[in-house]
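These notes concern the structure reproduced below.
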Amino acid sequence: MTATTPPLVSIRDLRTWFHTEGGVARAVDGVSFDIGAGETVGIVGESGCGKSVTALSILRLIQPPGRIEPGSRIEFEGRDIVTLGDEEIRDIRGNRISMIFQEPMSALNPVFTVGDQVAEVARVHADMSRKEAWNRAVEMLALTGIPDAETRARQYPHQLSGGMRQRVLIAMALMMKPALVIADEPTTALDVTIQAQILELLVELQKRIGTSILMITHDLGVIAETTSRVIVMYAGEVVEQADVDELFAKPHHPYTEGLMHSMPHIGHDQERLNVIPGTVPAPTDWPAGCRFRERCPYSWDLCEREHPPLYQVGVAHVSRCHLAIEPERRNHPHPPLVVEEGVAAA
Amino acid sequence: MSGQTRDFAPISSPRPRESPLALGVRRILRARSSRAALVVLGIIVLAGALAPLIAPYDPAAQPDIVALKDLPPSLAHPFGTDPYSRDVLSRVIYGARLSLLIGVLATLVSLTLGVAYGAIAGYAGGLVDALMMRVLDAFLSIPRLLLLIGVLVAWPRLSIAALVLFLGFTGWFGLSRIVRGQVLALKHAEFITAARALGASRRRILWRHLLPNLVSPIVVAATLGVAHVVVLEAGLSYLGIGVPQPQASWGNIIQDGADQVAALWWMSLFPGLFIVFTVMTLNILGEALRDAYERRS
Amino acid sequence: MLRYLARRLGQAAVIVAIVATITFALIHLAPGDPFSAVMDNPNVSERVRATLRAQYGLDRPLPEQFVRYVNQLAHGEMGWSFSHDRPVQAVLATALPNTLLLMAIALVGSFGLGILIALIQVARRGSTTDHTLSAISLFFFSMPDFWLAILALLAFTYWVPLFPVGGAVDPVMHEYMGLGARIVDRLWHLALPALTLTVLAAPTVARFQRAALLDVLPADYIRTARLKGLTEREILRRHALRNALLPIISLVGLSFPALLTGAFFIEKIFAWPGMGLAIVNAIGTRDYPLVVGGVILGSIMVTLGSILADLLYVWADPRLRAN
């Protein structure tokens, strides 16, 4: 992170908690990071780690019983999103910050044409006439690589394939040339071949329009392909953050290690998939101390007593792991406690 | 977003298997509206049940057909008197008894028929099922009131028992569809375990698995069914083809006052209010039960 | 689409055939002769008795009577109404348009009102407004049709004389009025019955629509709409409603029976000269052929109504229209 230009988005101590009958689920529990202008930042982690909730929080899309706790700050273009009024936040949505989800199947309204839905963005935010908005929509659709955009725009969502629908959603997201696009698992629901195309498209459009992208995924392959900086999340927290090359070359946090290790490689002879044993603890009941302790092959008594802060472990590289102060413990791995105590492995 | 919040629903301990009855009662007692409904309905039912004890006058007595007829509500006659000098309050209380009784009995008939028809259709399958469903469609296309009018005009001077039967015979259509659906679903599921099924025990499996699944829709249908019958009987009595005179039912009382509806407004107002409250409470309870069972599945 | 229509009409024909069989059974299963009220009544003319005997072949074997019956129905003949001294189909044909008028207005009105109420409720879900409207809805839903009609009559023609006491037109003056005045006279007589039927039918629509809207709100495309920066109100009215209207269309077909039976009571109480009034009066005079004719006609109306609603549904949903 260069200290010279101020970041586009600056998130500080974001806490999004869900106040349910069964307890308070602390889905996002003190997350801080920046996104620079024109940058592609990735958030990687398994389901339930809080990455999607983080994304939704940025656009204030959390609905009761969820709530962004006071004290959280999301600074964007000089304002704090957390405290903005309703009208102001609506001004940002779809206009300055937009979002793409993983379910292109259901994200489009089945009773309106695709063109109408894309054009709607312009009619809400710019004072365009129907015709102008429509033309711009068709332009955008063509830009995302949809062949015969004029005809397609008049069709309904069910007449388009999954990949095309995702392109439509991308066009929708980029209509107003936003400063930031949040992409939440944009390719997970798509065929592998289409996945590659969509990712390429995102990268190309980003270069062309100059937006920043926040790429949320569980897939390290996507991270490697598209991002320049990576944030690893676990149990509602940031557990590691580094430039993408550094992360892949020198992962520090045992969880990141585990993630990398569990990726199957083509060409390697492997009979069994490597998994990280155990499961994520319940968000209503984060353990004191390190939240990864029970699944970690290096943990020791300090990890149970003290919740690790983010240690600096390299240039622009932080990790929430006590191994930063006792690195020689990495040479003495042991079976993770979940396995020892007979709790069912993943 | 819906996916996200669902991930954070509390992981509660699995619910102990409780009977549908207990589940329904619990749900009713939990919400304020259904508790209130239960109380109000209870009062009306109790009033009807205890009619001989609490009615101030004999509902059939016509003490003074000259001096005491057509009296507006007063302390002596809180609901006034009718053209035959009968006390309307007493008649309304006895009306509760009769109208609710008819409602419950007719609904029982409907339930029996509905379950039987639906079970047979579902179990038989194939051509028999298709034919039975067509016949069902035909019955469904005739509005219930119309069908009853058609039937009741042909049978003048009906006894109450016969009225109950006819009301019951016309109210089973919806339930039989639901039952048939359940039976069909079970038949297909049953084929999966066909290896374990022996010839005779298929019927027993159906019996043991079918009934528990049926209790919920039956209970809901029963509650809402009684409400329908109460309104229907009132309508038929109002038209003169329901409960025969001089018996008191809510619809009958309104009919007695129909000729002078403006002058004898109390004869329309009070029985009608009782009908509305009975139906309202039954609806609230029925919806609460439906809520309880739907959430469980 | 045309093939679908043909198929549904075919099914409808089967249904009407079964209905005809049911009514025939009704006629003949009744104790004694359903026409005994006519046949044994010394005041009924011999002409009528002869007509009935010829029409129904009352002294012929049952199967033959059935064939005759079906044959007559196929030609649109429904027997003789002795209380009107006219063929049944003539009586019904005159009365039917009035009932259809009433039902049509109530259909449009109840759906408009019901949808409006549902939108208000969902926009303020969980608030006091929401709960109050639900309670009021339930209150009107639980009323017997004839009771509301009586109350409306009392309230708005007797106690506060805003509307005429009944009928379709002014019995005395209508003939002498100019065209404009005649239209106003008709509307004035139509107003209260139509309004009453509307209020009776609206709660069902409101409850359905409210549930449908709440079903649609968690959908992904609603989230997309929110992401675009639309206000909650725009989202509700533009995106949610359009989808939530689809299940309501099936309610159109389902509400025909209720509208028809509601119209019966309304017509009786407001003396509106429709099919309902004719049949209710036929009950009193035991004019059985007219009653049976009404039953058949009623079920035809309901069947056609549901076909209409199904067609409407296919037209409204772009996902189905393409096929």
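The numbers here are math on the coordinates, done by the rules we state, and not lab data. Just so it is clear, the structure is predicted and the values come from calculations on it, not from any experiment. Here Cβ is always computed from backbone atoms with ideal geometry, including for glycine, and neighbour counts include all displayed protein chains.
Structure summary
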| read-out | value |
| --- | --- |
| Helix axis angle, A:114-125 relative to chain A longest principal axis, alpha carbon, degrees | 90 degrees |
| 10 Å Cβ neighbours from other chains, averaged over peptide C:226-238 | 6 |
| Nonlocal amide H pairs with C:W80, under 5 Å, H built at 1.01 Å | C:V88 |
| Tensor-based shape of region C:224-323 (alpha-carbon gyration tensor, a/c under 1.5 rounded, otherwise prolate or oblate) | oblate |
| Förster radius 30 Å - calculated FRET efficiency between A:L273 and A:N331, Cβ distance, rounded to 0.05 | 0.75 |
| GluC sites (Glu not before Pro), loop per DSSP, at most 15 other Cβ atoms within 10 Å - longest free stretch of chain A | A:78-270 |
| Separation of alpha-carbon centers, region B:245-287 and region C:282-323, rounded to whole Å | 30 Å |
| For region B:125-170 and region C:104-174, distance of Cα centres in Å | 30 Å |
| Three-way shape label, region A:190-288, alpha-carbon gyration tensor, a/c 1.5 | oblate |
| Spin-label pair A:H218/C:S250, simplified geometry with 7 Å Cα→Cβ offset, distance in nm | 3.4 nm |
| Rounded FRET efficiency, nearest 0.05, which uses the C-beta distance separating C:H28 from B:V66 and R0 of 45 Å | 0.40 |
| Two-site label geometry, B:A130 and B:A116: point separation in nm, points 7 Å out along Cα→Cβ | 2.6 nm |
| Loop chymotrypsin sites (Phe, Trp or Tyr not before Pro), region C:166-259, which have at most 12 other Cβ atoms in a 10 Å radius of their Cβ (DSSP) | none |
| Free-standing Cys residues across the protein assembly as shown, given no other cysteine C-beta under 4.7 angstrom | A:C49, A:C296, A:C321 |
| Cα long-axis angle, helix A:130-143 against chain A (0 to 90 degrees, to the nearest 10) | 50 degrees |
| Three-way shape call for region A:251-331 based on the alpha-carbon gyration tensor, with the a/c threshold at 1.5 | oblate |
| Crossing angle, helix A:162-174 versus chain A [Cα axis fit, 0-90 degrees, rounded to tens] | 80 degrees |
| Label-point gap, in nm, between C:D130 and B:L29 - each point 7 angstrom along Cα→Cβ | 2.7 nm |
| Residue among A:R320, A:R208, A:R12 with the largest mean-square fluctuation in a Gaussian network model of chain A, springs linking Cα atoms under 10 Å | A:R208 |
